[in-house]
Every structure is written in C-alpha cells, then in structure tokens.
Amino acid sequence: MGTELLTIGAFAKASQLSPKALRLYDELGLLPPARVDPVTGYRRYAPEQVERARLVAWLRRLGMPLVHIRHVCSLDAGAAAGEIRAFWARAEADTAARRDLAAFLIDHLTRRDPAMSPTAPALSLRYAAASDTGLVRESNQDTAYASSGLLAVADGFGAGGAPASAAAVASLRRLETDGVPADGLLNVLADAVEEAGRAVHDAVGGTGSGPREAAGTTLTAMLWTGSQLGLVHVGDSRVYLLRDGELFQITHDHTVVQSMVDEGRITPEEAASHPQRSLLVRALGPGADATAEMRLQDARPGDRYLLCSDGLSTVVPSDGLRRVLAAPGEPGQAVRELVALANGSGGPDNVSCVVADVVPGV
Ligand code: MN
C-alpha cells in the first residue's frame, strides 16, 4: 500500500534481467517478489528491489554461480565486497593454472626437443642433496635425492611420514633407469605422480581400518631430459630458480594459508607467521587431493635450481637463499650452507635441499 509495485515486465526492464530469469530467481529464493497476487499468481516487485536485481545481474555477468550470488546478497556491502574479491582471485588462479597447462601443451606439440638438434650444445646437471633432522624434531621424515636425471624433495608427515617420503622418491627413481623421453614427458610425469601416490598409500597402510592420524608426504621433483626439466609438485616444498642473479620461486604452495593469500584474505607477511601455515590442501596420501602441478622448464647454462622442504623456506627468507645460491661454489657447498642457515635459525623442522647447476658438457 502506498508504494507503486512494478509488473514483472516493468521490473525486468528496470533491472536488465529477463522475466524468465526473474521467475527462476524467485523459485531459488534469490529475489522473491514483493507481492504475488493470490488469484492470478502475477508477481509484483517494489522499486527498491531494483538495486538488488541489478547486483544479481552484474554478478551473473561475472560468472558467479547462483548459490554463491544468494550468499553474497545476504551480506552487508563490506562483506559482499570481500566475497567478490575472493571469488575473482579463485577465478584468476584457475585461469593461471589452465594457462600453464595450455602453454605446456603448446610447447609440447610444436617444439622438437632441442637436444635432438645437432647444433644444440650438450648440457648436464651438477648436483648435490642434503637432508637434516634439525634441532627440534626427533626423527627426519624428509627425503632428498639428486642424480644426473632426477632431483627430488619429499616432506613426510604423520605416523609413517618417513616411509611415505622415501616411497614417493623411490617410485620416481624408476624413471632414471627407463630414461625420460622428451616427447610424452607430460604423460610420463602424470603417470609417475600417480604411481608415487600408490606407493605412498602402501607405505602408510592407507587400506587399514580404524581411525589413524593422517599420514602422507609432499613431493616436488624435476626430471632431466637433456635440455629441459619436467617439474611435478604437490604440497609445500618449493623450487627456486636462480637465473642471471635473480631468484624466482617457481612453485606455488598447496597450503590453506597460501589460498588465503591468493584470495586477498591475508597478506604474505601475515602468512609467514600464521600458526596454521603448514596445513596442506594437497599431498600424497590416503584421502588427500594429490593433483600435481606440472610444468616444463627450458634449461639454460648457468641456471641454478634449489628444491627444498618447508624446513628451509619457513626460517630462511628468500634474501638469505639468494645470497647463498648466488655465491660462487659447488652445489655441495651451497646445500651445506643452507642446512646450516636453517639450523642457525633454530632448526625447528627437518630441512632438505637439493641444488643443481645446468652446465655445458655431458
Ligand atoms: Mn617440513
């Protein structure tokens, strides 16, 4: 009474939603009309509902699912803004992951392996690995491994964490004897992670019944083809690349805290000291999401790679890593210094690192 209600046609025009969409949104409880005529069933809308309807239309254009829109519409403006920011951050992260996969496939399907070209200089890896219990933990559940064809770090957790990390790395070592073909590398990597997952499952007795502490491992590894490095990554161990004096972190942590950073809910500074920063969203182990990140790195002479468990990256800031890695010296010296840095910062966790240099020659 008093307010002039709009017909569904007039309201559709004002809100830029179709009458069909309006009927759907009514049924979903997203945008109920101000009044429904009990006899004719005609919907009538109040003019002040236009604003909400326009917001629904904008969020549809953004690609937000209807249940999510209903949630956003129930919030005050500040909280709604936060939800939209988080939604968009996830959309961008998904797009970035798909872009990486697309780049991988394009690269894969269009390029011949440079090592097959007679003019390509022969390259090889010079490498070292170290793993240390640290100063607080009673045992070492990390596994670090390096050879001329494989670099790997795995960080086991829970009861059976040590056998889990060892099993994950051992299952990749099978590829050393098979040799890694440059074409078909994507399939080789995908199969290898799946097999590593099964090996971890067996190692922690994932088929046993009864409640048990979650157990499993991270796995971050690089396979050498002679000209490229194929990377597989699950969890919060990391790969850094030192190229032309600059240090790049080339993996993304699969942790709850990193997701919160991606969604703009906390800052990277807050993440560094967050009490739950080691909580993983992906891992190898029973019940875990084992989706691996994969990518292909072209090897350049002079490149230096660092693979490390969180026992290093949590306590040594990237400045400190860069300083050690950029100093002249063999990989063996670098891994010893990195372990010493972690222990010099209290050594709160097991610490593992692998350092590999791309060098001319075979
Ligand atoms: Mn750790």
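The values are calculated or read from the model by the stated rules, or taken from the named source; none is laboratory data. Since the model is a prediction, treat every value here as computed from it, not as a measurement. Note: ideal-geometry Cβ built from the backbone for every residue, glycine included; neighbour counts use all protein chains shown.
Output the number of the condition that D310 fails; it satisfies all remaining conditions of (1) surrounded by fewer than 23 Cβ atoms within 10 Å (Cβ to Cβ); (2) within 16 Å of the ligand (Cβ to nearest atom); (3) of a type in the set (D, E, K, R).
In the conditions (1) surrounded by fewer than 23 Cβ atoms within 10 Å (Cβ to Cβ); (2) within 16 Å of the ligand (Cβ to nearest atom); (3) of a type in the set (D, E, K, R), D310 misses (1) alone.
Quickly run through region 21-49 and pick out the residues that are closer than 18 Å to R70 by Cβ and in a helix (DSSP H, G or I).
Within region 21-49, A21, L22, R23, L24, Y25, D26, E27, Q49 qualify.
Going by the structure shown, is R112 more than 20 Å from R304 (Cα to Cα), in a loop (DSSP other than H, G, I, E, B) and at pLDDT 95 or above?
No.
Filter region 313-360 down to the residues that are of a type in the set (S, T, Y) and within 13 Å of the ligand (Cβ to nearest atom), then identify the one that is nearest to A122 (Cα to Cα).
S352
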